[in-house]
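Worksheet for the structure shown next.
Nothing in this text is a laboratory measurement; each read-out follows from the coordinates by a stated rule. As the structure is a prediction and not an experimental result, all values here were calculated from the model. FYI the Cβ positions are ideal-geometry reconstructions off the backbone, even for glycines, and counts take in every protein chain you see.
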Amino acid sequence: MPPTTRQIPLFAAEPPQEPLPYGRWADALAEQFRSKCETEIGDISWFPDRTWEGRTYVPATAPAADGGEWFGFVSYTREHEGAQATDFRAEADFTEETADLNPDWSLDLSDYEIGHWRGTQGRRGVITLVWGVALVANGAVVTTELGPDSTDQCELVDNRFTLVSIDAFTGDYIEVRLYGARGAELARESLYEDDEE
């Protein structure tokens, strides 16, 4: 294969390593997440973990008591595989836009910038954590696409997924695509459609 002129990180994050949080581990993560929510929240939905640059991110969403939804993540580090999690950090933001209020959505997406990336000739991008729920049936795998490149993928777990991708690079922006088990595309959404309208 000849050298590429488009040097960007592809599949840079580790794939999910653990099941969705449950039991005492879920309680420990929930304590961190709830501390960042400014209103009372309902049951937390957890998403597959992804690890990038030594930090593991576990995204979450939860309904707010008075409507709307809190979305964010809890992250942590481990000295080595099997070690106790330390250095917890959490982020949470509120939105009134939920899937229940938008029956036309095919993917319910959330995102958060977790880093920056510098390429050749001063080109820059942001590393973005993307998580969500597939709202159409028979999905199997979700990918991020940046221009001509597939940058990450994640198998669905209870219709949930988490991705890590470079974004906002040389005029290209993330598009998320859902595929069935046989490779047929079932849905696609941009993170930026609302901004363009």
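The residues His80, His116, when put in order of fewest to most other Cβ atoms within 10 Å, stand as His80, His116. Taking every C-alpha pair closer than 8 Å and separated by at least 6 residues, the mean separation divided by the residue count of the stretch 23-196 gives a relative contact order of 16 percent.
Going from the fewest other Cβ atoms within 10 Å to the most, the residues Ser35, Ser106 appear in the order Ser35, Ser106.
Are there GluC sites (Glu not before Pro) in the stretch 1-102 that DSSP puts in a loop and that have at most 14 other Cβ atoms within 10 Å, and which ones? Mind showing how you got there, number by number?
Working: sites: Glu31, Glu38, Glu40, Glu53, Glu69, Glu79, Glu81, Glu91, Glu96, Glu97; in loops: Glu38, Glu40, Glu53, Glu79, Glu81, Glu96, Glu97.
Hits after loop and neighbour filter: Glu38, Glu40, Glu53, Glu79, Glu81, Glu96, Glu97.
Dipole magnitude for the stretch 23-196: about 800 debye, using +1 per Lys or Arg Cβ and -1 per Asp or Glu Cβ, origin at the Cα centre.
What would the Debye formula give as log10 I(q)/I(0) at q = 0.09, 0.11, 0.13, 0.15 Å⁻¹ for the alpha-carbon point model of the chain, no solvent? For the chain at q = 0.09, 0.11, 0.13, 0.15 Å⁻¹, log10 I(q)/I(0) is -0.34, -0.51, -0.72, -0.96.
Across the stretch 186-192, coupling constants 3J(HN,Hα) worked out from phi with the 6.51/-1.76/1.60 Karplus curve, θ = phi - 60°, read 10, 6, 8, 9, 8, 6, 10 Hz, and Gly and Pro carry x. What the phi angles of the stretch 20-35 give under the Karplus curve with 6.51, -1.76 and 1.60, with θ = phi - 60°, is a coupling list of 4, x, 8, x, 5, 5, 4, 5, 5, 5, 4, 4, 5, 5, 4, 5 Hz, glycine and proline written as x.
Normalised by residue count, the stretch 1-48 yields a Cα convex hull volume of 132 Å³ per residue. Considering only the Cα atoms of the stretch 47-134, their convex hull presents on average a projected area of 8.1 nm².
Using bins of 5 Å that start at zero, the share of Cα-Cα pairs per bin across the stretch 123-173 amounts to 5, 22, 27, 20, 14, 9, 3, 1, in whole %.
Is it possible to state the helix-based mean residue ellipticity at 222 nm for the chain, with each DSSP H run of 4+ residues giving -39500 (n - 2.57), the sum divided by total residues, to the nearest 500 deg cm²/dmol? What is it?
Calculated at 222 nm, the ellipticity per residue is -2000 deg cm²/dmol.
Reported to the nearest whole Å, the Cα centre-to-centre distance from the stretch 140-193 to the stretch 15-57 is 22. Between the listed residues Tyr173, Gly119, Ala92, the Cα displaced farthest toward the positive end of the dipole of the stretch 66-197, a dipole computed from Cβ unit charges relative to the Cα centre, is found at Gly119.
Sorting Thr5, Thr162 by the number of Cβ atoms found within 10 Å of their own Cβ, with the fewest placed first, yields Thr5, Thr162. Within the listed set Thr77, Thr56, Thr151, the residue fluctuating most in the Gaussian network model of the chain (springs between alpha-carbon atoms under 10 angstrom) is Thr77.
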